[in-house]
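First comes the structure, then the notes that go with it.
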Amino acid sequence: MAFDHRKYIAFEPVRKTNRRWPDRVIERTPQWCAVDLRDGNQALVKPMTVAQKQRLFELLVKLGFKEIEIGFPAASQPDFDFCRKLIEEHRIPDDVKIQVLTQARPELIARTYEALEGAKKAIVHVYNSTSTVQREQVFGLDRAGIRDIAVKGAEVVKAHASERPDTEWTFQYSPESFTGTELDFAAEVIDAVNDVWRPDQGQPVVINLPATVEMATPNVFADQIEWICDRVKYREHISISVHTHNDRGCAVAAAELAVMAGADRVEGTLMGNGERTGNMDLVTMAMNLYSQGVDPLLDLSGMAEISDVVEACTEIATHPRHPYAGELVFTAFSGSHQDAIRKCLALRKQDDDPWQVAYLPIDPRDLGRRYEEVVRINSQSGKGGVAYILERDYNISLPRWLQIEFSKVVQREAETGGGEIDSLTIHRLFERRYLKVNPAWELKSYDLHRDEAGVHAQLSYGEEGRLEQLEGRGLGAVEAVSAALEQTRGIRIAVEAYDEFALGEGTDANALACIRLQVNGEPRSAAALAEDTTSATLQALLSAVGHSVIQNGSRAYAEELAPSVDA
Ligand code: KIV
Ligand code: ZN
């Protein structure tokens, strides 16, 4: 049987009793290092061209990265050439350190220094693999053999640097496959490397601990990091860095817990591009910090540009649900979510009020997104979302009863079409179902007189040449006209609800009225826009009646207009 979990061995957890990291909170942003141009690039089907690399480098600089791994110059001629180009064309800002990777092999280290000739500052990142599997099955070496490779590499790195004193050198060592390495052995190799580099004597050193393959839950990785931080020599003189991959989908979580466990620095890539399931996503981790009120020391406010450039350089599309960056991550289709978002946004008084909006972990506008994108309508949406769109885009506020009724009309339309319904379509539906005036029921004029007994109404409606006259009394205008319709035309009308709204600026009409009647025992609703609220209300009344009456043989017209209230 191919699908057989018994083939796998559970990861041995770290036997630790003095865990401190679970109680920590990240209050400061770690030192970031972007490895898009090396690790990210090495994972692409089509590695980046020089032009693509340059575009991505410029974006990383613009976002505020101060440490950028630009390639593996000893392993790739394009990486070598790119490194030379950046240096020779003076494209590296003074406050940015470029970093380059090399295996711990003397000839590769020598070539790496050739690539870095003339750099103001640089991080030479040297690695060798230390895990049990790699030692035993790939290299066929024992612990001492693997440690010697690292020490020799450290010596060669130091020797080349001392020949080039004009560059500010930082040395970085990675015990590659750290997560699969026994912790005591990892510490032994790190100490041996640092005994060569002597960070205590002023040499800047980064010790980078990679989850080359993510092998366990993030808490295990945090234990590994805390263990190393507690045991290695020269701890206060070195920067502990983590470099997590996403094999189990937890690269960000692992890096976050690692920072809680003592890591000072985090390597990753924008949108998490990288080997297999990718590297740690810098955008997500930085935005996670931001959403907790921690300055990520990166400017991610132009998220659309970031994802455009990453897409253009990696030729990998950003997933629409990608945290913070995806097209759909600030959109609510579900009715209850839309309702909650709408209410919370309406309660916000000032832009700098603390952000507390249901379903939106951060303010979309911080990333250059618009509130317009937050509420979108499909068959899952409810009354709140539909009402929000009409209000936001057309200045039409609906009473609650009409919100409920109309949202069902919209839902039916969405179910028929199967997809999203845009704002214009919603407005057209509303016009067609509620606002459209049957010419035979168009209000032409009215006259209202008030006295102690109530209102005396005279009204004319209909098409030119076929005008109808009404006259009646009631407690208010609606009752008076309803009574007149019953007396003169035998139409029984019971008013169930009506609401009037003054409209804001930017519309031709000044008032909107919405009415719901029982007409001869059938529910009918309509709305009307007019210059004043009385005209709007009387037109809404006539329209609702007109929707249910066979007029000029236009039964089909009446059917089309009449919303089925029980829907
Ligand atoms: O994933 C990894 O182990 C690496 C190292 C070279 C740091 O990319
Ligand atoms: Zn990696």
>> Classify the stretch 439-556 from the C-alpha gyration tensor, please: rounded if a/c falls under 1.5, else prolate or oblate depending on whether a/b exceeds b/c.
In response: rounded
> What list of whole percents do you get for P(r) of the chain, with Cα-Cα distances grouped in 20 Å bins up to the one holding the largest distance?
Replying inline: 18, 35, 20, 17, 9, 1
>> Under a crude label model (7 Å from the Cα following the beta-carbon direction), how far is ASP351 from THR416 in nanometres?
In response: 4.2
> What percent do you get for the relative contact order of the chain when only Cα pairs under 8 Å and 6+ apart count?
Replying inline: 9
> Over the stretch 439-556, what relative contact order in percent results from Cα pairs under 8 Å that are six or more residues apart?
Replying inline: 18
> Cα axis of helix 106-116 to longest principal axis of the chain: angle in degrees, 0 to 90, nearest 10?
Replying inline: 50
>> Test of understanding: ordering ASP499, ASP230, ASP299 by Cβ neighbours within 10 Å, fewest first, what list do you get?
In response: ASP299, ASP230, ASP499
> Along the three principal axes, how long is the stretch 152-191 when you take its alpha carbons, biggest first, rounded to the nearest angstrom?
Replying inline: 38, 15, 13
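Fewest Cβ neighbours within 10 Å first, please rank ARG164, ARG38 accordingly.
Going from sparsest to densest Cβ surroundings: ARG164, ARG38.
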> If you take the square roots of the eigenvalues of the alpha-carbon gyration tensor of the stretch 327-372 and sort them as a ≥ b ≥ c, do you get rounded (a/c under 1.5), prolate (a/b over b/c) or oblate?
Replying inline: oblate
> Dipole of the chain, Cα-centred, from +1 at each Lys and Arg C-beta and -1 at each Asp and Glu C-beta, to the nearest 20 debye?
Replying inline: 1000
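Could you check what % of the DSSP bridge pairs in the chain are antiparallel, to the nearest 5?
Expressed as a percentage, antiparallel bridges in the chain total about 50.
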> So for VAL50, VAL25, VAL357, fewest C-beta neighbours within 10 Å to most, what's the order?
Replying inline: VAL25, VAL50, VAL357
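A short reminder: the numbers here are calculations on the coordinates, not readings from a lab. Keep in mind the model is a prediction, meaning the values are calculated, not measured. Quick reminder, even Gly has a Cβ in these numbers, built from the backbone with ideal geometry, and neighbours come from all protein chains shown.
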